[in-house]
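See structure below.
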Amino acid sequence: MNWTAIKAIYTFEMTRFFRTITQSIISPVLSTSLYFVVFGAAIGSRIDEVEGVSYGAFIVPGLIMLSVITQSISNASFGIYFPKFIGTVYELLSAPINFFEIVIGYVGAAATKALFIGTIILITAFFFVDITIQHPIAMVAFLILTCISFALMGFIIGIWAGNFEQLQLVPLLIVTPLVFLGGSFYSISMLPPVWQVISHFNPVVYLISGFRWAFFGSADVPILTSLLAIALFTALCLGVIWWIFRTGWRLRA
Amino acid sequence: MPTILDIQDLRKSYAGGFEALKGVDLQIEKGEILALLGPNGAGKTTLISTVCGITTATSGKVTVGGHDIHDDFRAARSMIGLVPQEINLEPFEKVINTVRFSRGLFGRPADEAKLEKILRQLSLWDKKDSQIRELSGGMKRRVLIAKALSHDPQVLFLDEPTAGVDVELRKDMWEIVAGLKASGVTIILTTHYIEEAEAIADRIGVIARGELLLVEEKDKLMARLGKKQLEVQLTEPITEIPLALQSPDVELSADGQALIYTYDTNAERTGITKLLAKVAESGLVLRDVATRQSSLEDIFVGMLKEDAA
Ligand SMILES: Nc1ncnc2c1ncn2[C@@H]1O[C@H](COP(=O)(O)OP(=O)(O)O)[C@@H](O)[C@H]1O
Ligand SMILES: [Mg+2]
């Protein structure tokens, strides 16, 4: 393993992030605050409690997941797409590194950024609602795993994308709807039975449910099912990465 | 001098079947400057990209310092620095950061003193904290060179380092290349200017349509350039050149039917009159005479035509 090279990629990517640090912090703080005002205050005043938790607190795990998933994907996909777009990818391809080292560098940096933003949202949330986290270690583990697995997915999208439209396509058409319909702002049990069944085909439901369990100790689906779901998803992404490595797909002519 | 880069029967077909390299064989000696001369589309960039790992070869074998570029890619690539043809740089990045990145990417431990030396050598030190987009075109090209040098390569590829660069900068670039050679780096550069190859190379390779047409020492090549051949066809074949005609410039054709005289068109006297007089003196009977340019001239004329098209 060429750790020096991995560190170089990681540091370079993080520098880009810190160059726009104010923007990186302000925008999640602002949007989270807006969510609390709109959902927490407006809707929350009509819904007292969901599963024994105040509505304001109930949406916190979903809100974090929403941002973390979108951020992981967009950071990682942009991270690898940008060098392809401006041509600096020649350096990655001619360096004495293999594909996995490239993946670790970019995915690691993208996951770190997403984790950073997730943490900021959590801190912001503390200003609006009272939350006690039941299983802090599980919460952190879940968060990190989510960051990594979606950064892997983002990396794949970035390799695949041939232009900026394609780069936005998957997040916009697939991920965002799945996340919004994944129970960020409601409990699946609040839905009519048909939609409950349909929801179980949405992988994000398992993530948000598991994450919520770490917060409040109760969930829509059993925690083990959630763990299994995210493990499967990570394995799937790793499988695709392995295949890209084997074939050099979309990287080398 | 030992061979540092060995390319054997290298072929590259792009998706769609276009054959950009048709079996290239090339050996580069340690410490030399080789200029690859060829028109646009000849396959120069493809050759470099394949050696550096940016594209994969269809077949063939390449070793750098004895390391196979495929089986032992880490060792092989560690030895190579590449300055690409296009100015590929992140516009918002600082000069020093992008150079640091390159060094790290090649697995070399941080060494600020080394980077300072490189940047000073390229007159970039006062620009080290500038963003790339603030630099002029010539300076951007130097940044690319600094990145390539940051990890102490032993072989440096410069892909058309002076294309679209003004005369003064071109001279600068030549000086930089000479300085690098002096520090022991082996340099392969591509160009489509004959004068450029003439100015800085030790050897010149001519490439066209994916084939390496010839590789020769510059001095010999230049000596051959500008030369013409006079073919004196005889009515009766002879077995050896008559004494009066014997000279290093006169050869007998394989079938003995013609004498071939090589002369310099730029010289004060071509010596043709004298030669023909001697032919008559020796009792030989002329059937016909013809002149032609050396094969090299043909190649270059062909290249220029292609360039103009
Ligand atoms: N990625 C590619 N796909 C298909 N054809 C290519 C590709 N890159 C280069 N070529 C073709 O290969 C030939 C050689 O190109 P190149 O190596 O860039 O030449 P040079 O650098 O000598 O100008 C050209 O005809 C070019 O059109
Ligand atoms: Mg080229």
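The values are calculated or read from the model by the stated rules, or taken from the named source; none is laboratory data. Small disclaimer: the values here were computed from a predicted structure and weren't measured. Every residue, glycine as well, gets a Cβ built from its backbone with ideal geometry; the counts of neighbours run over all protein chains shown. Accessible surface areas use protein heavy atoms only, side chains included; no ligands, DNA or RNA. Shrake-Rupley method; radii C 1.70, N 1.55, O 1.52, S 1.80 Å.
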Cβ pairs under 9 Å, 6+ apart or interchain, first in segment B:34-48 and in the same structural domain as residue B:193 (by TED's automatic domain parsing) and more than 20 Å from residue B:186 (Cβ to Cβ), second near ligand 2 (Cβ under 8 Å from one of its atoms) and of a type in the set (Val, Ile, Thr), ordered by first then second residue, are B:42/B:190
Wholly within segment A:1-87, which helices (runs of 4 or more DSSP H) include no fewer than the required count, namely at least 1 residues that are within 14 Å of chain B (Cβ to nearest Cβ) and crowded, with 18+ Cβ neighbours inside 10 Å? A:3-19, A:55-86
Tell me which residues, restricted to segment A:222-253, are more than 16 Å from ligand 2 (Cβ to nearest atom) and either in a loop (DSSP other than H, G, I, E, B) or in contact with a strand residue (DSSP E or B) (Cβ under 9 Å, 6 or more places away or on another chain) (or both). A:222, A:248, A:249, A:250, A:251, A:252
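Here's the yes/no breakdown for (1) among the basic types (Lys, Arg); (2) in contact with a strand residue (DSSP E or B) (Cβ under 7 Å, 6 or more places away or on another chain); (3) surrounded by fewer than 21 Cβ atoms within 10 Å (Cβ to Cβ); (4) touching a residue at least 60 places away in the same chain (Cβ under 8 Å):
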{"residue": "B:55", "(1), (2), (3), (4)": "no, yes, no, no"}
{"residue": "B:62", "(1), (2), (3), (4)": "no, yes, no, no"}
{"residue": "B:65", "(1), (2), (3), (4)": "no, yes, yes, yes"}
{"residue": "B:97", "(1), (2), (3), (4)": "no, no, yes, no"}
{"residue": "B:110", "(1), (2), (3), (4)": "no, no, yes, no"}
{"residue": "B:113", "(1), (2), (3), (4)": "no, no, yes, no"}
Tell me whether segment B:120-140 contains one or more residues that are surrounded by fewer than 22 Cβ atoms within 10 Å (Cβ to Cβ) and either within 16 Å of ligand 1 (Cβ to nearest atom) or within 16 Å of residue A:94 (Cβ to Cβ) (or both). no
Looking only at segment B:142-166, count every residue that is without any contact (Cβ under 8 Å) to a residue 40 or more places away in the chain and open to solvent by 10 Å² or more (accessible area, probe 1.4 Å) and tell me the total. 4
Enumeration of residues in segment B:229-247 that are touching a strand residue (DSSP E or B) at 6+ places or on another chain (Cβ under 8 Å) and farther than 30 Å from residue B:32 by Cβ: B:230, B:231, B:232, B:233, B:234, B:235, B:238, B:240, B:241, B:245
Condition test on residue B:39, is it within 15 Å of ligand 1 (Cβ to nearest atom), surrounded by fewer than 21 Cβ atoms within 10 Å (Cβ to Cβ) and more than 22 Å from residue A:99 (Cα to Cα)? yes
Given (1) within 14 Å of chain B (Cβ to nearest Cβ); (2) touching a residue at least 40 places away in the same chain (Cβ under 8 Å); (3) buried (at least 23 other Cβ atoms within 10 Å of the Cβ), identify the lone condition not met by residue A:104. (3)
Only one residue in B:89, B:82 is within 10 Å of chain A (Cβ to nearest Cβ) and part of a strand (DSSP E or B), so which one is that? B:82
Hits in segment A:222-253 - residues which are touching a residue at least 12 places away in the same chain (Cβ under 8 Å), under 30 Å from residue A:91 (Cβ atoms) and open to solvent by 40 Å² or more (accessible area, probe 1.4 Å): A:238, A:240, A:245, A:249, A:250, A:252
Name the pairs: first residue in segment B:273-291 and farther than 16 Å from residue B:262 by Cβ, second residue of a type in the set (Ser, Thr, Tyr), Cβ to Cβ under 6 Å, at least 6 apart or on different chains? B:285/B:235; B:287/B:235
Tell me, please, whether a residue that is within 20 Å of residue B:216 (Cα to Cα), within 16 Å of ligand 2 (Cβ to nearest atom) and of a type in the set (D, E, K, R) can be found in segment B:30-42. no
For segment B:202-258, give me every one of the strands (runs of 3 or more DSSP E) that falls completely inside it and has 2 or more residues that are farther than 17 Å from residue B:290 by Cα and assigned by TED's automatic domain parsing to the domain that holds residue B:48. B:203-208, B:211-217
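Can you name the residue in segment B:189-201 that is modelled with pLDDT under 90 and not in a helix (DSSP H, G or I) and is also farthest from residue B:26 (Cα to Cα) among such residues?
Taking the candidates together, the pick is B:193.
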For segment A:88-101, give me each residue that is more than 9 Å from chain B (Cβ to nearest Cβ) and either at pLDDT 95 or above or under 21 Å from residue B:150 (Cβ atoms) (or both). A:101
Among the residues in segment B:169-188, are any within 16 Å of ligand 2 (Cβ to nearest atom), outside any helix (DSSP H, G or I) and free of Cβ contacts under 8 Å to residues at least 40 places away in the same chain? no
Result of the Cβ filter at 6 Å on segment B:122-140, keeping first residues that are in contact (Cβ under 8 Å) with a residue 12 or more places away in the chain and partners that are surrounded by fewer than 17 Cβ atoms within 10 Å (Cβ to Cβ), at least 6 apart or interchain, is B:131/B:92; B:132/B:91; B:133/B:91; B:140/B:87
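Just one of B:133, B:103, B:142 is outside any loop (DSSP other than H, G, I, E, B) and at pLDDT below 95; which is it?
B:142
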Just for segment B:219-228: of the residues that are free of Cβ contacts under 8 Å to residues at least 60 places away in the same chain and under 16 Å from the mean Cα position of the chain (by Cα), which one is surrounded by the most Cβ atoms within 10 Å (Cβ to Cβ)? B:222
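A quick yes/no check of all residues on (1) within 27 Å of residue A:243 (Cβ to Cβ); (2) assigned to a helix (DSSP H, G or I); (3) charged (D, E, K, R):
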| position | (1), (2), (3) |
| --- | --- |
| A:100 | yes, yes, no |
| A:103 | yes, yes, no |
| A:116 | no, yes, no |
| A:120 | no, yes, no |
| A:124 | no, yes, no |
| A:127 | no, yes, no |
| A:132 | no, no, no |
| A:138 | no, yes, no |
Go through (1) within 30 Å of residue B:25 (Cα to Cα); (2) at pLDDT below 90; (3) touching a strand residue (DSSP E or B) at 6+ places or on another chain (Cβ under 8 Å) and name the single condition residue B:219 misses. (3)
Report yes if residue B:12 is touching a residue at least 40 places away in the same chain (Cβ under 8 Å) and surrounded by fewer than 20 Cβ atoms within 10 Å (Cβ to Cβ), otherwise no. no
